[in-house]
Each structure stands twice: as C-alpha cells, then as structure tokens.
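Read the structure below first, then the notes.
The values are calculated or read from the model by the stated rules, or taken from the named source; none is laboratory data. Note that this is a predicted model, so its numbers are computed, not measured. Note that we place each Cβ from the backbone using ideal geometry, even for glycine, and neighbour counts take in every protein chain shown.
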C-alpha cells in the first residue's frame, strides 16, 4: 500500500512540475551590471524576461544635426530626471527618419555613467508594464521605458495599460521610471473623418470635441512633454549627409560629388530624412571608389565593476 501511494505521489509531483513550468512566472530582476540597456521579451510560454542588450550603438548627441530645438528639450528633461528632479514622460512624434529614436539612444549614452538605464518594451507587451515597474522601483538607477514606433488600433489592450501607468492608476508614479515613446501619429490612434461629426459648437462658437475624439486625445495628453519632428529641407539634409560622410572618414575632396549623389539617393526614396542621409553615407563610404575606414564601432557594455568609469560611456 505504501509503495503504491509513493508511486502515485511521485506522479502527482511530476504532473505539478509540468504545470508550473507552463504557468506565467513572476518577472525577476536581471543582472543590472551586465548592460545599460535591456529588452523585455515574452516567450510563447507566457514567461517574460528582461534581457541585456550586449552591443549598443555608439550614437552621441553631437552626431544628430538640424534638430537642435528637439535635442535641447529632450536633453533638458533627461538631465532633470537623472539629477533626481521632477521630469516628464515624453512623446516624440513626426516625420519618419528624423532622429526620434536616435535621440533617445544618444541620451542613454550621454547619461549612462550617471545611472541612466533603458528598457525597450514592444507595444504588444505593454500590458506587463506594471510588472516591469515593480522590478525596477526602489533601485538607485533611473530607468527610461522606451516604446518605439508606438501606435494603436481600436481595442488593443496595451492602450489601456499605458494610460494607467502614465497617469490614472491608484498607485503613485515611480520616481525612477519615465516613459519615452516615439510615434508617427500625434494621438497614437487612427483618426477618421466621421469623428469630426461628433464635435459640437456653442452659440459663441466654442468647439467641444465628442467622446470618441476625447478618448483618442486622452492618451497623448498624459505625456507631459510633446516634441515634434518635421521633414528636412534640402540644405538641412545635405548638412546631415556631410556630417555622416565625415564620421565615416570620407575625404573633403570627395564631399562635393557625394552631396550631389545624395540628392539623387533621396529622390529615389522619396524622402530627405536623417535615416536616408545615414544610409547613403554608409553606401558611399563602403564603395570601392572610396577608401572607407572601419565603420564607427558599437560600445561594448560587458560586466564590469559598477564603480569603474568606462571609456565606452
């Protein structure tokens, strides 16, 4: 009888172990000394984990041209945050390829030595934001939760989760966490012509948006700082091209011809953006006709003594 009971107990324990393996597990803290940036990844099993980013692009604030006003706003807000002063969640919106994401990465490199860290979270995983915030709350470092190319369709669950974290949850805001998001949409949700019919007008001409419009505006309004980016003029585009060509070591003697080619490159892509300028410079510097130096290295953020100042930063 005892032998039968023991076999049954062993089978039950084995079954419980299999069930526990597929159940969602509490989010655990990674080794915070392994990197300055992390990605939140959710596996098919439902388990989420913060994974260190081993190689981080060595983007600096000086690399970003023709967005001085936007750079000043983001840098000032990030400086306040790192210094422990009040700072705002940030929504960066506007034309594609104008430096929205690059500006956030450059701020990370500029302030990582002072304790700034970044966690990239995909839109689909925003429902897990409360768990991520709980893991980092109380740590001495400052964390930017980075949501790139953020936009929602009607009814997506991440929309409500983000609204609650930004402003509206019963829990107080965590002082060492800010959300920086980039989007091509100002209000993060699709807008339709029929929604204009929900606007009402008072006798004195005052405009009152309808409930549908109010709902779409409410999320973007919870970001304390809005920073808008605009398409570059031809002169601004050429300035950015020159800067990237110089960073890749293209000699001055080749600059004039390169700038002319860069205009054709932009015309073929239908855009004069910073991204297009960077892609052209990589292509031009890599051709056999140009003696291109090694491409700008990426910073290597490996495990190190936290008190040690690294030249990578």
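Test of understanding: among 271, 220, which residue is at pLDDT below 90, assigned to a helix (DSSP H, G or I) and surrounded by 15 or more Cβ atoms within 10 Å (Cβ to Cβ)?
Numbers: 271 fails: assigned to a helix (DSSP H, G or I).
Exactly one of 271, 220 is at pLDDT below 90, assigned to a helix (DSSP H, G or I) and surrounded by 15 or more Cβ atoms within 10 Å (Cβ to Cβ), namely 220.
Looking at residue 290 and the list (1) modelled with pLDDT of 55 or more; (2) surrounded by 14 or more Cβ atoms within 10 Å (Cβ to Cβ), which single condition is not satisfied?
Result: residue 290 passes all but (1).
Restricting the search to the stretch 240-253, which residues are in contact with a helix residue (DSSP H, G or I) (Cβ under 9 Å, 6 or more places away or on another chain) and assigned to a helix (DSSP H, G or I)?
Those that are in contact with a helix residue (DSSP H, G or I) (Cβ under 9 Å, 6 or more places away or on another chain) and assigned to a helix (DSSP H, G or I): 240, 241, 242, 243, 244, 245, 246, 247, 252.
Among (1) at pLDDT 90 or above; (2) surrounded by fewer than 17 Cβ atoms within 10 Å (Cβ to Cβ), there is one condition residue 37 misses while meeting the rest; what is its number?
(2)
What number of residues within the stretch 41-59 are out of contact with any strand residue (DSSP E or B) (no Cβ under 6 Å at 6 or more places or on another chain), surrounded by 10 or more Cβ atoms within 10 Å (Cβ to Cβ) and either modelled with pLDDT of 70 or more or on the phi < 0 side of the Ramachandran plot (or both)?
6
Starting from residues that are in contact with a helix residue (DSSP H, G or I) (Cβ under 7 Å, 6 or more places away or on another chain) and at positive phi, keep the ones in the stretch 98-157 and report whichever is surrounded by the fewest Cβ atoms within 10 Å (Cβ to Cβ).
Among residues in the stretch 98-157 that are in contact with a helix residue (DSSP H, G or I) (Cβ under 7 Å, 6 or more places away or on another chain) and at positive phi, the one surrounded by the fewest Cβ atoms within 10 Å (Cβ to Cβ) is 115.
Could you go through the stretch 20-27 and let me know if any residue there is modelled with pLDDT of 90 or more, surrounded by 11 or more Cβ atoms within 10 Å (Cβ to Cβ) and more than 17 Å from residue 112 (Cβ to Cβ). Don't jump to the end; show me each part of the working.
Of the residues in the stretch 20-27, the ones modelled with pLDDT of 90 or more are none.
The answer is no; no qualifying residue exists.
Out of the residues in the stretch 158-195 that are at pLDDT below 85 and within 24 Å of residue 114 (Cα to Cα), state the one that is surrounded by the fewest Cβ atoms within 10 Å (Cβ to Cβ).
Per the criteria, the residue is 173.
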